[in-house]
Amino acid sequence: MRRKIMAAAGAAALALSLSACGGGSTGNESGGGDGKPYVAIVSKGFQHQFWQAVKDGAEKAAKDYNVRITFQGPDTESNVAQQIEMLTSALNKNPDALALAALDSKAAAPLLETAKSKDIPVVAFDSGVDSEIPVSTVATDNKAAAAEAAKHMAKRIGGEGQVAIVAHDQTSKSGKHRRDGFVNWMKKNAPGIEIVDIQYGGGDQLKSTDLAKAMIQANPKLDGLYGTNEGSAIGIVNAVQELGMKGDVTVVGFDSGKAQLKAIRSGLMAGAVTQNPIGIGYKTVETAVKAMKGKDVKQTIDTGYYWYDKENMDKPKIAENLYK
Amino acid sequence: MSTVQAAKSESRTHTGDTAGRTLSGRLRSSLQQFLAFASLIALVIFFSIASGKFMTLSNISGILLATSVIGILALGTTFVIISGGIDLSIGTGMTLCSVMTGVFLTYLGLPLIVGVIGGILTGAVMGLVNGTLIAALKIPPFIATLAMMMIAEGLALVISGTSPIYFGSTPGFTNLALGSVIPGLSIPNAVLIIFIAAVLAGVTMSKTIIGRYTFSIGSNEDATALSGVNVKKWKVLIYTFAGAFTGLAGVVMASRLSSAQPGLGMGYELEAIAAVIIGGTSLQGGKGSIIGTVIGALIMSVLTNGLRIMSIPQEWQNVAVGAVILLAVYLDMLRRKETS
């Protein structure tokens, strides 16, 4: 009998220490207990400047609404398994609300069911989740943003000519939408513009550089190049620079970053479309707070986008969304 | 296998560059190199016919420049693979080296040459750690360098604070890769750097004791140890030497992008290893050559560039490169069957 009690006590102690470990190793919150509502945010990444800006926005909202947040994301935007791991541990902490930028919405589906069964409201951000469970989706309308890039490209090259696209990938929603939004706008509104090639550089600057160079070599009459994210756009800029073709092709990009801002200032790039990462982070937390209080929230919240170029990039409304 | 048998099998098979290499072995090895070289020429001819835009001076210069980073990585890793090991840490390790170059030049404001040497030394130190883990602690190379791959990836992010480090304060840095020291010839320096690095690696491989022991350890480690060679010491040296190439690749990449990009690098190791294998170096160790690796790296970039010039969709580009790797490994197996 005595042995049994000891064993039970031992098991309890073990379980306790394990759960303590589990709590400590995930996220960077101070351990809770301060009474503030808690929003767990699982993002697609944290390394990229874009996610840092989303995080800044989320932290700002956390302050304004007096909630506690954790913000984590996998090492790369292809590491679905790691994100599922993070999602699991976030749910184990029983947050008051959960925000998720899903890398693979199908892989996340069972965990969303768990959230539902625990009555934890879920807010999707950055890209939608193929599920009924999230109460709201806070994201950029990438197709509309890409169409904006196409509109400016068409204007700059005078409505006719050849254009090529360096995209970041052909499988993710953002990759597809930023490609298709651009292509479709051109088809509909600029019949004189031919899209001669679309290639994918994975957002890797070095690969995108070599890729863009080959495209320019293959299409000597190219009038414009469009890069669908920061790495792709910088690849194009590098290629134009290495080939000594500044001014010969019109370059239009997406997102920001120090190198892209510099290229726009120096005239290497015509301009780019930026999302509103701070807005995404802020609206995500704001919506999560509303949802946990049982208030009605909109099903989709478009956080908008801005075209920026040399002329308007220093205006406060634009500048605050341009990360370096 | 007992050590006596091992010693016997070493004297029987005559692999590698050790003293007992037969004439037929040498012929076969040059045949493999010839095959690789012939495939390269065939690819170049094919793409030249397929597209008039392939065989232009500026595109050829672009191909050579695109070979530089992967090529330099592949040079170092040729030593490791011939010695019977593998190094998975070269991709993210290269990134760590470019971040350290950024630390030396941009954060600390040190002179250009210090940044370059610092970057190369960072690679050598990583190699030293890899070599020590493998030789002294007997951790299998795959595991040791897999762990190092993750450590390097993490450290690159930690040190850079997850954002790129730019080299705006070191004006000459970009010229390191993209400038041209030979007036009148539009060959970027990065191409010269890989050429010099290849000559250096080739001479080290064929004329120095490091090269000889690389082959000897790769063909039969036990026999090499039995003949009185301090295998541990030489293994550490081989990994350290290879690491210096990782460092050089990091510096060249940083120079070409005028920035150290901490998120890059994962996957580059596999491309470098593929170049080594296509060049006829055996993953089993004991066989291979630097010239083969250079040809292998060129085959990879000619293939990628040519398919891009032809506007072949990305998906099929990957399939094509994969098929070439399979073919190269199959040829290597055929060759090995003949030898045994």
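Some observations on this one:
- Matching residues, segment B:297-331, being hydroxyl-bearing (S, T, Y) and more than 14 Å from chain A (Cβ to nearest Cβ): B:Y330
- Test: A:T274 is of a type in the set (S, T, Y) and within 22 Å of A:R179 (Cα to Cα): yes
- Of the candidates B:A244, B:A260, B:A249, the single residue that is modelled with pLDDT of 95 or more and within 14 Å of chain A (Cβ to nearest Cβ) is B:A249.
- In summary, helices (runs of 4 or more DSSP H) completely within segment A:230-307 and bearing 2 or more residues that are open to solvent by 30 Å² or more (accessible area, probe 1.4 Å), under 30 Å from B:I187 (Cα atoms) and within 14 Å of chain B (Cβ to nearest Cβ) occur at A:230-242, A:258-266.
- Filtering B:T95, B:T101, B:T106, B:T122 for residues that are in a helix (DSSP H, G or I), within 14 Å of chain A (Cβ to nearest Cβ), farther than 29 Å from A:M215 by Cβ and in contact (Cβ under 8 Å) with a residue 24 or more places away in the chain leaves a single hit, B:T106.
- Considering residues of segment B:42-66 that are open to solvent by 70 Å² or more (accessible area, probe 1.4 Å) and assigned to a helix (DSSP H, G or I) only, the residue farthest from the other protein chains (Cβ to nearest Cβ): B:I45
- Residue within segment A:197-209 that is closer than 30 Å to B:S255 by Cα, touching a residue at least 40 places away in the same chain (Cβ under 8 Å) and assigned to a helix (DSSP H, G or I) present: yes
- Applying the criterion of being of a type outside the set (S, T, Y) and more than 7 Å from chain B (Cβ to nearest Cβ) to the residues of segment A:197-219, the residue that is surrounded by the most Cβ atoms within 10 Å (Cβ to Cβ) is A:A212.
- Residue among B:L105, B:L23, B:L57 that is farther than 24 Å from B:L283 by Cβ, over 23 Å from the mean Cα position of the chain (by Cα) and at pLDDT 95 or above: B:L105
The values are calculated or read from the model by the stated rules, or taken from the named source; none is laboratory data. In this text, all values refer to a predicted model and were calculated from it rather than measured experimentally. All Cβ positions, even for glycine, are placed from backbone atoms using ideal geometry, and neighbour counts span all protein chains on display. Note: accessible area is taken over every heavy atom of the protein model, side chains too, but ligands, DNA and RNA are not part of it. Shrake-Rupley method; radii C 1.70, N 1.55, O 1.52, S 1.80 Å.
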